[in-house]
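Where a number appears in this text, it was derived from the coordinates with a stated rule and is not lab data. All figures in this text were calculated on a predicted structure; none of them were measured in a lab. As a convention, Cβ positions derive from the backbone with ideal geometry for all residues, glycine included, and neighbour counts pool all protein chains shown.
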């Protein structure tokens, strides 16, 4: 008779994991069949470690003053919403489904939270008061050393205060600017002016203007316009480049300008000139 093998630790862990998965599936089926508060609380307890794990990861990248418990609380509400909305029939793991909702709830909480600590705001106010007082006394912007002396702190302490107070001026790009009747609110990032951006209408106008300017010009005439107005060469340098005399280049330039002025006369309002 062959004796039964003694189960190893790995075997026991596999059996426990399988049993746990079966229990969780039964809990899910019971909750979807009858979504009571008691069953939902049991599911929340089961997946609460996911909330704590994601809260700690986000919290590590945040400045001092943000409470970890606030993130966990917001993530728990996100977990509860995910439990209510989860569809068992889709065959998706709940862990995969709920994590984006948990993190989204935490990020929404951060957007509505003033994470700048009161002490930092107090230091910033003191620095601004000292700066204004010294500016009124001296009639000029004060130096950092003068502000530090008025505050009664060392240069090293003032440098630290100045660094911390920079946080007061930070603005979240996701901060709500105002609400609209549509599903999407207007946020700070939607109203920021892109100073590097180019008006597409003006770009099309410039292309149209360039086509009109160069239309009817021969090779030497186009080169004179480009070299003089874009490359900023002198008439003498252009003449050397095109193997023409300086007076001839000047004569051709005057003729080109006269023709262009005539062509542009009717289109001045269109190009704003």
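Report the FRET efficiency, 1/(1 + (r/R0)^6), for residue 44 and residue 111, where r is their Cβ-Cβ distance and R0 is 25 Å, rounded to 0.05. Present the calculation step by step, with values, prior to reporting the outcome.
Details: r = 24 Å, r/R0 = 0.95.
E between residue 44 and residue 111, to the nearest 0.05, is 0.55.
Quick one: check the C-alpha center-to-center distance for segment 54-100 versus segment 125-145, whole angstrom.
Using only Cα atoms, the two centres lie 46 Å from each other.
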